[in-house]
1. Taking the conditions exactly as written (crowded, with 21+ Cβ neighbours inside 10 Å and within 14 Å of chain B (Cβ to nearest Cβ)), does A:G91 satisfy them or not?
2. With respect to the numbered conditions (1) more than 14 Å from chain B (Cβ to nearest Cβ); (2) without any contact (Cβ under 8 Å) to a residue 40 or more places away in the chain, which one is the sole condition not fulfilled by A:V186?
3. For region B:39-135, which helices (runs of 4 or more DSSP H) that fit wholly inside it have 3 or more residues that are among the aromatic types (F, W, Y)?
4. Would you say C:D326 is touching a Gly at 6+ places or on another chain (Cβ under 6 Å) and surrounded by fewer than 23 Cβ atoms within 10 Å (Cβ to Cβ)?
5. Residues in region C:286-331 that are within 25 Å of A:R226 (Cβ to Cβ), of a type in the set (D, E) and in contact (Cβ under 8 Å) with a residue 60 or more places away in the chain: how many?
6. Residues being in a loop (DSSP other than H, G, I, E, B) and crowded, with 19+ Cβ neighbours inside 10 Å: count how many of those fall in region C:312-322.
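The values are calculated or read from the model by the stated rules, or taken from the named source; none is laboratory data. The structure displayed is predicted, hence computed values, not measured ones. Here Cβ is always computed from backbone atoms with ideal geometry, including for glycine, and neighbour counts include all displayed protein chains.
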Amino acid sequence: MKKISNNRFVKAVGFNRILLCFVLILLYFLFTILVHVIQGQNFISLNRIFSALNYAYFMGLLSLGVTFVIATGGIDFSIGPVMYCAALISGYLLTANGWPLLLCLLVSILVGSLFGMLNGYLVAYWNLPSFITSMASMMLARGVGSVFTRTQSVSWPQAAAENGQYRMLVRIVTESGTTIPTGLFVLILISIICAIILNKTKAGRYILCIGSNKEAVRLSGVNVKRWEMLAYIICGTLAGMAAILFVGAYTTVQPGLGDTFNNEAIAGSVMGGTAMSGGVASIGGTFLGVMIIALLQEGILAMGFQRDYQFVITGIIVLVAVYVNVRSQKRKN
Amino acid sequence: MGAGVKKGNAFTNNPIVKTVGTQKIVVIGVIIFLAIFFSWMSPAFRQYSTVVSIFDFSYYVSLMAIGVTFPLITGGVDLSIGTGMVAAGLFAGNLVNQQNLPVGLALLVCILFGVALGCLNAFSVAKLNLPPFIATLSSMMIARGLGSILVGGMSVTWPAGATEQGWFRSIFRLDANGTLIPVGFILILALVIVMSVFLNHSRPGRYIISVGSNKEAARLSGIHVAKWHALAYIISGFFTGLAGVAYAATFQGIVPGTGAGLELDAIAGVIIGGTSMKGGYGTIGGTLLGVFVMSLLKTGLPFIGLQANWQQIITGIVLIIAVFIDVTRNAKK
Amino acid sequence: MGEVILTMEGIDKSFPGVRALDQVSLEVRKGEVHALMGENGAGKSTLMKVLTGIYTKDAGKITYENKEVVFASPKAAQEAGVMIVHQELNMLNHLTVAQNIYIGREKMSGKLIHDKAMNKAAAALFQRLNIEIDPTETMGNLTVGKQQMCEIAKAISHDSKVIVFDEPTAALTESEIKELFKIIRDLRAKDIGIVYISHRMDEIKEITDRVTVLRDGAYVGTIDTEEATKEDIIQMMVGRVIYEEPKSKSNVAKDAPVVLEVKNLNAGRMVQNVSFRLHKGEILGFSGLMGAGRTETARVIFGADKMDSGEVFVNGQKVVIRSPQDAVRNGIGYLSEDRKRYGIVVAKTVAENTTMASLENFMAGLFINKKKEAQVAEEYVEKLKTKTPGVEQFVVNLSGGNQQKVVVAKWLVRNCDILIFDEPTRGIDVGAKSEIYHLMNELVKQGKSIIMISSEMSEVLRMSDRIVIMCEGRKTGEMDISEATQENIMHAATRRE
């Protein structure tokens, strides 16, 4: 064990991330076998991969966003409903009010940012506990989305239809019929940007330090409230962007839902090595964690099980991941 | 009361004010104000049936709220009460429908389901030392998925009031020749008194408060901290099961996948009632009053034209206000 | 003095990297007050924690009432009659005084707690001890001194045979100390064995019968208090190390300009009408007992806590300080007494901590210039002689003295001219201590000005050019080092309004 963790390659990539890669590959083979045994179908197919990726796109952005918040030692339970709320409002403006597509996409991101600002303001400036604050704004997001669309669900245009260009952010189907998973590039690009923000900029430095010891940072003369709020704004903004990738893949959004994604996004982040107590976060790890979540959901569906099984499994994953997390933090101190 | 005031003034020394508590008197004022406000705004509100539905709503919420008061006193929280309640109701109701289980036994199963969920939470929080909000969020997801899986994704209808097996509905709402009498309120009141005595005048109650006040000091006083910490969550689970009974008795059918968000009504009620999110202090009587504020709001808002989707927004806003008051009150001390 | 009730022989206790106790012995007789002395970190508290079952010993033997015992937990020790009054208060602030005293052994009537009986018993207890506290008062509403009294009353109510007092007078006023001594004499008369830990030499002479001295985790010796002089005990405590000579006169020039002036500062109960001046190149000592309001004053000046009223002038200019940002902008840096909580971010590297307060100087556009950061951090590691394998080392792996140096570096990189050192050597070993002193002297030579809050008399007398003394939130004395003595500082530190 010690030898492995001292290996230069392992050190550079990180033991945790290599482990996640193994889990990912293992899981893929496991599903291949299970799906074959249970359903008599072939799990290895491009369609399955694309379908899993569809799930990974929006989940990835949610997970990346919440990574920033967890890095400050907080939590955001509103991301799923906020994503839905953003998709509902912007989609309603697009389909019912005929607003231009580009503006609607901007509105979607803006809605996310506003919720992030609200959470961040309440947590950083009013010192409210983040979990209860974000649960409150989860209710707000569910209510606002549903009030805005008068409890109607919203269907975004198909790729071929008018205003369908936004789907090029998720996939492009060429004339010869090949599919280019552009969403993957979008996700990778945003992941890289997030990694740069977290590791190379002042914002990332302070966000991580606040998570580690907020009071010490404040007593260094740093405006901790501003940086803490920024983490929530980043999170909200990414949730707004996730909305676009979500409708690009799944078209329809219903009001009053979305909270089931919170847990999966948090699971992705915590599996990736983000410490629940704050101060430690890994974008690469989060990326891999999200891939595992996406593969899980695809595999469970392919085995012919309800999505309910995924709730149970993610619940257990979070418990285990947080337990491992708490243990390893304790050992360090 | 100011921090410097030791002996209090004439008002706070008044025996009635002292026993009831300032916050509770304010909350009673709010309840009266809301009742007058809604009656004034809407003639339809001034009906006996409204009173019945206010009580109907209050049963399951106040049972959840009484239970969750205990984890809150320890400085934690239990987010699994909403979906746990629904899962318990689903599971037990399904046994009645599919296995012809007598309703009496089914109600017991419902309560035991809640206790089992409470034990899971107790294990992760008190034994594994996981952060309560994330541990109970996981069990919230698990309960949600499990409830649905156990009944095969179909909604469950408990026996109707008129049928032979429907006697349990009159525990809460007695149908006396067409006039509905909210007898459940007496039951709730009795439970409030019992739990209030338990909290304030029994050793387990005292030790649960001690865990929330200063865990380390409690440990050094020779108190088995983990045991009492666990008990708080088991109590919460027990009341989740009871709430499941009330939920089944109040509504015609129970739909899988619902219940998320109901925990926030209960938690908001508890905090409005004066229990601190910081732990160490709580009042069961206040919890009941707080629930009535929520109950009045939820029942009254449709009468002034704000439909169900607005209720989520109101829950969110009330929750933020309640937590804000709690945080400022603690900051003053 | 009666027969021996408790002996500890050859006690060993190690923590990772530290030998906290090395073959330590202690003997307590019935009806004696036995002082346990030693400098910070000598192992007094560790020894008592081993006794009361909070720590498990590695080796050695504890004999209590002629039987060898091992207490598995504080509760087991309590039940056997061995009780400790902790230095840090262990109170349940939400419960009442009586509920606190009887926690874990409530008086019951049937299944319910009999609070009335507990209130009555507590009132009787207080009356016996001559303490005036209402048993139904909520613990959180009491002053620190009163809470300490409750803790003592709790220990006595246990029918203990051995009671350990861990620095009981640190938070007490003079009159409260008198009360406490009365209680202790009373207990002694009742044949209870008492272990008394304190730093205050005059208390030791007044109240104790024998003294056991520890040094660096080792047993030095036991002597009768009556036969020993102050100097004997000091000699035992410090051993070969020469006890520091106090500074005899100020090093600050008469015409040195005032860099910081505070006028009529008020903030809550702990800071009342505090005024003072700090000159360029001066070390201004802040002395006082625990809870005197020194740290609170420093935090208000630094903007960490809210100011109710008052004025602050930096270099003659009136400044408004509402947050640490404002303070840092005005060149004030604060080194907290509690480094781990308020000074450093332990899970981050030396370099990251060094640039914490001045990150804007290390930016290349949007990005942090990590090369420059590392360079500057290395420069200060060399300057301050910080012992670290490298600037990429996590601060958590450094010793206390070296962590303190990282905090100093943070403020020097920020170019702060006024530094507030709050208990600069707390929890730092003897060797590193003199390095910190040397560093502070170097800093004032370079024209920095220092406010030094310290509870160690020898430190105050050795380092300060001038001394401000506080008690219960007020400034109760100010003197030049040339006129300062332990006695007149202590007198001012216990002067109540």
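1. Details: crowded, with 21+ Cβ neighbours inside 10 Å: yes; within 14 Å of chain B (Cβ to nearest Cβ): no.
So A:G91 does not fit the description; no.
2. If we test A:V186 against (1) more than 14 Å from chain B (Cβ to nearest Cβ); (2) without any contact (Cβ under 8 Å) to a residue 40 or more places away in the chain, just (2) comes out false.
3. Numbers: elements: B:48-73, B:81-99, B:103-122.
Result: B:48-73.
4. Values: touching a Gly at 6+ places or on another chain (Cβ under 6 Å): yes; surrounded by fewer than 23 Cβ atoms within 10 Å (Cβ to Cβ): yes.
Here the answer is yes, as C:D326 does meet what is asked.
5. Total satisfying the criteria: 0.
6. Here is the first cut: in region C:312-322, the residues in a loop (DSSP other than H, G, I, E, B) are C:315-316, C:320-322.
Cutting the leftovers down to crowded, with 19+ Cβ neighbours inside 10 Å gives us C:321.
The number of residues fulfilling the criteria is 1.
Condition check ((1) in contact with a helix residue (DSSP H, G or I) (Cβ under 9 Å, 6 or more places away or on another chain); (2) at pLDDT 90 or above; (3) part of a loop (DSSP other than H, G, I, E, B); (4) closer than 30 Å to A:A124 by Cβ) across all residues:
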site	(1), (2), (3), (4)
A:L24	yes, yes, no, no
A:V37	no, no, no, no
A:Q41	yes, no, yes, no
A:Y57	yes, yes, no, yes
A:G65	yes, yes, no, yes
A:G74	yes, yes, yes, yes
A:G80	yes, yes, no, yes
A:M83	yes, yes, no, yes
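This table checks each residue for (1) within 14 Å of another protein chain (Cβ to nearest Cβ); (2) surrounded by 20 or more Cβ atoms within 10 Å (Cβ to Cβ); (3) assigned to a helix (DSSP H, G or I); (4) out of contact with any Gly (no Cβ under 7 Å at 6 or more places or on another chain).
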position	(1), (2), (3), (4)
C:K57	no, yes, no, yes
C:G60	no, no, no, no
C:A76	yes, no, yes, no
C:D134	yes, no, no, yes
